[in-house]
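Undergrad: Mind having a look at this structure? Questions to follow.
Read-outs throughout are calculated quantities, based only on the coordinates presented, and are distinct from any laboratory measurement. Computed from a predicted model, the values in this text were never measured in an experiment. When we count neighbours, we look across all protein chains shown, and the Cβ atoms used for this are built from the backbone with ideal geometry, even at glycine.
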């Protein structure tokens with residue numbers, strides 16, 4: 001008898017063209033029978049083949065299972081074996097496509113070419129079959145009935161909003177029928193589904209977004225993708241209190257809103273969907289997992305809703321490592337868009353300088369590792385691109401592959417850098433945030449620095465820097481919380497009243513919980529800085545005393561720079577929020593400090609020792 005070890009191992013035939021692809025004809029079989037199939041080649045240029053594409057979690061890279069393919073054994077992973085077994089028909093062959101078997105993963109040239117075609121492959125497929133591995137434990141039936149009910153209520157409400165549906169017009173209050181479901185026993189099943197590993201995978205966003213039809217299988221049940229995503233969109237955009245976090249679904253929700261116009265218009269503001277940013281989407285999906293780091297950008301290349309120039313800058317190439325792939329994308333994007341805006345998304349880890357990483361190339365690390373980028377959540381506003389004194393942006397230039405030349409103004413030096421707020425447990429974060437804020441405020445009062453802000457608005461500027469000029473909840477609740485925080489600061493430093501607004505005289509002890517909770521995510525992995533000119537800022541973890549503050553024209557925020565051993569060259573430490581010395585009162589009555597560098601807030605134009613010109617980032 002021939003053993004598996006003695007059997008012939010399947011050898012892939014080369015693909016004849018750059019638009020050719022393989023698909024699998026899976027032979028029928030019953031549970032427990034070996035998988036048998038054959039791989040066939042066709043061209044996407046004129047293919048008449050009808051097939052279905054599988055979307056699943058790769059899992060372990062160890063290939064412990066086999067499929068008998070054209071008389072030879074082809075090693076496959078356990079996860080793929082289970083998916084093929086689930087989708088095998090009992091009495092009819094089935095044409096399927098799955099990346100790990102239809103692409104020769106050992107041929108890096110082929111892999112690079114095929115990855116660039118995956119959007120088309122999933123888009124041409126008759127259906128995308130989502131395989132959720134594991135026992136559903138009864139949750140699938142609950143989800144199917146719940147999402148069908150909720151989606152029908154939501155769609156009925158959307159139809160009543162008019163044609164076309166006004167932007168962001170779905171009511172903030174819950175429809176009566178959904179209010180009755182708020183305590184439904186099926187909601188925990190949704191939480192269970194959203195923790196399934198499939199939702200943590202980056203590639204699946206593109207796979208289902210481009211599909212003609214999506215069918216989810218979990219255990220013995222089939223679920224509607226449209227019902228599920230309509231429900232999740234409503235939860236994320238209007239009913240966040242139902243779940244603590246839906247971060248894994250953010251990319252799916254935005255793409256679903258793009259593809260389903262009425263739903264998108266009902267739940268999103270126009271600027272979010274009318275001109276979506278590819279860079280912002282990469283930022284939004286940092287939380288998702290990939291097998292290869294460069295897939296953080298490759299996985300979304302074929303989603304058609306983003307500006308073409310950004311997507312065209314992504315050219316999959318698995319022959320290079322992740323750092324080089326990220327560099328190539330950064331160069332391509334900067335040259336295609338003639339803008340340095342990609343710098344807004346840089347978040348370095350603690351070791352970036354010792355590794356010799358090019359400082360102007362984003363690595364797209366998960367937020368839990370490097371903190372939330374300043375621009376996260378504010379795409380489309382409220383911050384405009386910062387312009388030079390002539391209201392222009394110089395064209396960036398790449399020099400010798402490792403230097404980025406940008407137009408900028410180096411305006412100040414860091415005089416103080418606070419401690420860093422690291423991740424905290426739910427029991428300790430309040431005390432940690434309070435301690436960091438209090439210590440930074442006490443340090444500011446003791447630094448004896450110039451005060452560029454109005455003498456009675458230094459505390460307002462300090463609060464503005466910590467919150468990026470934003471707030472959460474109702475304005476009354478926010479002001480009450482800020483007032484309580486101000487009281488706590490005045491208790492720790494009596495001289496607070498000397499640099500605070502007149503309203504401080506009316507401050508009484510209250511609850512700063514809302515302020516602390518909102519500020520927590522902004523302070524994570526960041527430092528409070530003060531400059532020699534007295535400006536207050538919220539800077540990256542790596543910022544230190546002696547670093548420089550600059551404004552690179554075309555970015556949304558100022559930045560921290562560090563001199564290198566090369567004259568005229570700088571390391572880009574990261575984006576930094578710095579409120580200008582100018583103030584205005586918004587329509588809501590809240591005092592605002594425009595970000596330094598915004599129109600009418602170009603403070604440096606009045607300083608004789610600051611010039612605008614090109615600098616080099618290494």
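Undergrad: Compute the length gained on full extension between residue 180 and residue 152: take 0.36 nm times their separation in residues and subtract their Cα-Cα distance, giving the result in nm to one decimal.
TA: Result for the pair: 8.6 nm of gain on full extension.
Undergrad: Please arrange 139, 196 by counting, for each residue, the other beta carbons lying within 10 Å of its beta carbon, fewest first.
TA: The most exposed by this proxy come first: 196, 139.
Undergrad: Related question: So what is the calculated 222 nm ellipticity per residue for the chain, using -39500 (n - 2.57) for each DSSP H run with n of 4 or more, over all residues, to the nearest 500 deg cm²/dmol?
TA: So the helix-based figure for the chain works out to -9500 deg cm²/dmol.
Undergrad: Taking Cα centroids, how far is the range 139-210 from the range 248-312 in Å?
TA: Each part reduced to its Cα centre gives a spacing of 19 Å.
Undergrad: When a footprinting reagent is the concern and you count Cβ atoms within 10 Å, what order do 111, 545, 63 take, fewest first?
TA: 545, 63, 111
Undergrad: A further question follows. What Rg and what Dmax come out for the range 20-125 when only alpha-carbon atoms are used, in angstroms?
TA: Rg, Dmax (Cα atoms, Å): 13.3, 38.
Undergrad: If contacts are Cα pairs under 8 angstrom and at least 6 residues apart, what is the relative contact order of the chain in percent?
TA: Over the chain, the number comes to 11 percent.
Undergrad: Determine how many Å³ per residue the convex hull of the Cα atoms of the range 350-492 encloses.
TA: Hull volume over Cα atoms, normalised by residue count, gives 195 Å³.
Undergrad: With contacts defined as alpha carbon pairs under 8 Å and 6 or more residues apart, what's the relative contact order of the range 20-125 in percent?
TA: This gives 34 percent for the range 20-125.
Undergrad: Run the Debye formula on the Cα coordinates of the chain, all scatterers equal and no solvent, and tell me log10 I(q)/I(0) at q = 0.05, 0.07, 0.10, 0.12 1/Å.
TA: Log10 I(q)/I(0), no solvent term: -0.27, -0.52, -0.99, -1.29.
Undergrad: For residue 17 and residue 89, what is the calculated FRET efficiency with R₀ set at 35 Å and r taken between the beta-carbons, to the nearest 0.05?
TA: E between residue 17 and residue 89, to the nearest 0.05, is 0.70.
Undergrad: Taking the Cα atoms only, what angle lies between the long axis of helix 429-446 and the longest principal axis of the chain, rounded to 10 degrees?
TA: For 429-446 against the chain, the angle is about 30 degrees.
Undergrad: Measuring from a point 7 Å past the Cα of residue 349 along Cα-to-C-beta, which residues in the range 286-307 have an amide N at less than 16 Å?
TA: Backbone N within reach: 286-296.
Undergrad: Got a sec? Which residues in the range 335-374 would a label at residue 390 touch, if it sits 7 Å along Cα→Cβ and we count backbone N under 20 Å?
TA: 338-341
Undergrad: Listing 532, 333 from the residue with the fewest other Cβ atoms within 10 Å to the one with the most, what is the order?
TA: Sorted ascending by nearby Cβ count, the order is 532, 333.
Undergrad: What distance in nm separates the two pseudo spin-label positions at residue 167 and residue 7, each 7 Å out from Cα along the beta-carbon direction?
TA: Between residue 167 and residue 7, the label points sit 5.9 nm apart.
Undergrad: Over the Cα atoms, compute the radius of gyration (one decimal) and Dmax (the largest Cα-Cα distance, rounded to a whole number) for the range 394-453, in Å.
TA: Calculated on Cα positions, Rg and Dmax stand at 18.9, 50 Å.
Undergrad: Quick check: the angle from helix 139-159's long axis to the longest principal axis of the chain, C-alpha only, nearest 10 degrees?
TA: Roughly 60 degrees between the two axes.
Undergrad: Could you give the length gained by full extension between residue 72 and residue 511, i.e. 0.36 nm per residue of separation minus their alpha carbon distance, to one decimal place?
TA: 151.0 nm
Undergrad: Using only the alpha-carbon atoms, how far is helix 225-238 inclined from the longest principal axis of the chain? Give it as 0 to 90 degrees, nearest 10.
TA: Helix 225-238 sits roughly 10 degrees off the main axis of the chain.
Undergrad: Given a Förster distance of 41 Å, report the FRET efficiency between residue 38 and residue 108 from their Cβ-Cβ distance, rounded to the nearest 0.05.
TA: The calculated FRET efficiency here is 0.95.
Undergrad: Something else about it: Averaging sequence separations of C-alpha pairs under 8 Å and six or more residues apart, then dividing by the length of the range 195-307, give the relative contact order as a whole percent.
TA: It rounds to 36 percent for the range 195-307.
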